[in-house]
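The values are calculated or read from the model by the stated rules, or taken from the named source; none is laboratory data. Only a predicted model underlies this, so the values are computations on that prediction, with no experimental measurement involved. In this analysis, Cβ positions are derived from the backbone assuming ideal geometry, glycine residues included, and neighbour counts consider all displayed protein chains. SASA here: full protein model, heavy atoms, side chains in, ligands and nucleic acids out. Shrake-Rupley method; radii C 1.70, N 1.55, O 1.52, S 1.80 Å.
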Amino acid sequence: MKKILFYLFVGFAQGLAAQITISSPNDRIKAEIFLGNKTYYSVYFDGKPVLEASPISMTIDGKEKGNEPVMMDTKQENINQTLFPVWGSRSEVSDHYNQLQMDFEGGYSIQFRLYDKGVAYRFITNLEGNVVVNDELVSYKFGEEAIAWLSKQRSYETNYTPFDLDSMNELQDKVYLPAMVQVSEKVKVVITEANLLDYPSLFLKRDEGRENQLIGTFEPFALKTRLGGYNNYSYLASEEADFIAKTEGKRSYPWRVMIITDDDHTLADCDLVYQLSEPSRLTETDWIQPGKVAWEWWHGRVVEGQPFIGGINTKTYLYHIDFAAKYGLEYILIDAGWTGKYDLTQINPDVDIEKIIGYADSKGVKVILWCPGHSLHNQMVEALDLFASLGAAGVKADFFGREDQTGIKIYEELAAATGERKLLIDFHGCAKPTGLSRTYPNVINYEAVAGNEWNRLDQDKITVEHKVIVPFIRGIQGPMDFTPGGMRNIQSGHHLRKVLPEVHGTRANESALFVIYNEPLKMMCDAPSVYNREEQYTRFISKIPTTWDETKVLEAKFGEYLVEARRTDTIWYLAGISGTESKEVLLDFNFLDAGTFQYTLLVDGPNAYRVGTDYLWDSGQLTASEHKKILMTQGGGFVMRIEKEGQ
């Protein structure tokens, strides 16, 4: 094994300083850790600085771990293994990294891992009893030319906006992760965290008085809470402590992650958050079934051509079950209004849950139930036992609104409790995913993205530019409940409507999201009657898998276009999306096996540049040696299904 560490000891006024260098397996990424009066690290990509010397530390029980460090021992490892996800973008994940662990006087260690795609570090403590974490210093110092793409608002459900780090006075004091920093013309860095357990979420803010430097910030530990947030669904801090966590003294802390690349293909397909997270705690996972969902909330519970009024009632849900069964969808979702706000055992008399679930079962469809996340946590045993006894397949938990340590533990406890009862859980109105779906694979989706629901609320948020930026930044974090499938596709003049909303971009663009976006539980957001009017189209998108055995990024340019190929079993799907400019791509099928394949293509029509609903079908044969040219209009796209002839 090649040597991965280099030590340099330097004399200075107060003693001996150490500089340790560790490299990635391909040697393109290097981290230098400097131990002097404080602990600093720098990062280099192809020999050029990406991150300048940035201090790190943790203050526990009033003592700063990382200040005046005294190193006792080091251990280095080269790990090369294969991981086997329950679901995801591929059935096998190559997990290859070099690891350095430095043990220090004072009962703590710092562990670094270098992958070919990035750098991660974390603190580990070996202290007796319980401890109080007063604060953690997480810092990122970049060069003068750095441009950061950061959350526009204090929310995950927002757009990404560029900021000059050397003059970002307008930057808010709580930047939501992930955040992308372009450090040079080609090299980009995405900052995030992984394996967040029993600890508050990491946010960023500008380090006052230091240009080009971002530092971590955390929600303090909540001593008391009050009802608040949207519609008083959440329990928010009303009194905060002067520390961020109370926890066990013997534990590891979350990974601080930097994904580093000069190739946008890497940003569009990166498993690093998954790789850094704790393996599954569930012994049985065969029951976990990703799939598509017929969903009534987004389109306004529209019912057409039926002798009843659409709404929160039994007939509306039976109608959605018939639709799901017709097109082979695995689930329906019963959204807000079927149960009490704070008592989930109080069921709306207009909704016969037992009849609905029984009818769904007879049709081969499963039912997922919406509920406020805090109410579910307050009634966790009673409510989940009830849902399981009724035959529900899972829950969609919504409106969490907090990310202090207790707030994050709520996600863990709900994941464990639902997993114990073989229930899926879809987190909505929630924190970002940080790998909990690996630890509890029944955590089938997260929102934490500005998705299609915002087309009911803001006419300028879910633009075609936003849709093509999302997979390069938010997509790195893990699954996201974007909810594609809008059928009123417009290129200009978006009108806000809470009944049958419009979506930006072309029909082909919206369809491609079923392939490109990582959503193992994927809503088909529009009304059954609307889909039924285009049966060929609906049957085509309803067959698209939601998880994959293999993924390849064919073409990628951040914020401009993305083309991917994904395979489940023997069937390939290729899809592409474009931003504000049209893009012509030349598809190369050299990833196919030998033989002849049959393809079906949905692509922008010639008038799609101004009539978003214009699309064309094409079909034929091809082989691995052929190429095919496709033009995506602005805000456009395509989807192609490829299968071996005769299958």
With all protein chains modelled, accessible area of Trp617 [1.4 Å, Å²]
80
Considering only protein heavy atoms and a 1.4 Å probe, what is the carbon-and-sulfur percentage of the accessible area of region 511-647?
43
Using 0.36 nm per residue, how much length does the chain from Val187 to Asn378 gain when fully extended, once their Cα-Cα distance is taken away?
64.2 nm
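Do you know the relative contact order of the chain, to the nearest whole percent, from alpha carbon pairs under 8 angstrom that are 6+ apart?
Details: 1691 pairs, mean separation 70.9, N = 647.
After rounding, I find 11 percent.
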Packing rank of 550-557, 211-218, 78-85, 637-644, where each peptide gets the mean count of other beta carbons within 10 Å, highest leading:
637-644, 211-218, 550-557, 78-85
Tilt relative to the chain, helix 314-327 - C-alpha long axis, 0 to 90 degrees, to 10:
90
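Over region 194-330, what is the relative contact order in percent, taking alpha-carbon pairs closer than 8 angstrom and at least six residues apart? Numbers along the way, then the final one.
Values: 131 pairs, mean separation 25.5, N = 137.
Relative contact order here is 19 percent.
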Name the residue farthest towards the positive end of the dipole of region 129-281 from the options Thr225, Gly143, Trp255, assuming +1 on Cβ of Lys and Arg, -1 on Cβ of Asp and Glu, about the Cα centre.
Thr225
Amide H contacts under 5 Å for Glu219, restricted to residues at least 5 apart in sequence or on another chain and with H modeled in the peptide plane, are Ser201
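For region 523-623, what is the relative contact order in percent, using Cα pairs closer than 8 Å and at least 6 residues apart in sequence?
In percent, rounded to a whole number, it is 15.
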Sum of side-chain charges, Asp549 neighbourhood, beta-carbon under 10 Å (Lys, Arg +1; Asp, Glu -1)
0
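What part of the accessible area of region 349-416, given as a whole %, is carbon or sulfur when the probe is 1.4 angstrom?
Details: 1170 of 2400 Å².
Carbon plus sulfur share of accessible area: 49 percent.
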Accessible area of region 168-275 belonging to carbon and sulfur atoms, whole % at 1.4 Å probe:
40
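Calculated from DSSP H runs of 4 or more alone, at -39500 (n - 2.57) each and per residue, what is the 222 nm mean residue ellipticity of the chain, nearest 500?
Numbers: 12 runs with 99 residues, N = 647.
For the chain, the value works out to -4000 deg cm²/dmol.
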How long are the semi-axes of the equivalent ellipsoid of the chain, taking √(5λ) for every eigenvalue λ of the Cα gyration tensor, in whole Å from largest down?
41, 30, 22
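Please work out the average accessible area per residue across the chain, using the 1.4 Å probe convention, and give it in Å². Intermediate values should be presented prior to the final figure.
Details: 24460 Å² over 647 residues.
Per residue, the chain has 38 Å² of solvent-accessible surface.
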Pull up the cross-link candidates among the lysines for Lys326, meaning alpha carbon to alpha carbon under 22 Å and not fewer than 8 places away within one chain.
Lys292, Lys315, Lys355, Lys363, Lys366, Lys522, Lys543
Within region 393-414, which residues have the backbone N less than 16 Å from the label spot 7 Å out from Glu240 along Cα→beta-carbon, could you tell me?
401-408
Could you please state, rounded to a whole Å, how far the C-alpha centre of region 483-507 is from the C-alpha centre of region 357-390?
31
Degrees, to the nearest 10: 507-516 long Cα axis against longest axis of the chain
50
From the residues Leu127, Ala17, Gly291, which one has its Cα farthest along the dipole of the chain in the positive direction, the dipole being from +1 and -1 charges on Cβ of Lys/Arg and Asp/Glu about the Cα centre?
Gly291
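Mind ordering 45-55, 271-281, 67-77 by average Cβ neighbours within 10 Å, highest first? It would help to have the intermediate numbers written out before the result.
Values: 45-55: 17.1, 271-281: 19.8, 67-77: 14.0.
Averaged packing, sorted descending, gives the order 271-281, 45-55, 67-77.
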Mind pulling the angle between the C-alpha long axis of helix 380-390 and the longest principal axis of the chain? Nearest 10 degrees, somewhere in 0 to 90.
30
Could you tell me the accessible area of Asp614 in Å² (1.4 Å probe, neighbours in place), rounded to the nearest ten?
40
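How big is the dipole moment of region 70-177 about its Cα centre under a simple scheme where the beta carbon of each Lys and Arg is +1, that of each Asp and Glu is -1, and everything else is neutral? Debye, nearest 20, please.
On the way: 9 positive and 17 negative charges, 75 e Å.
Using Cβ point charges on Lys, Arg, Asp and Glu, region 70-177 gives about 360 debye.
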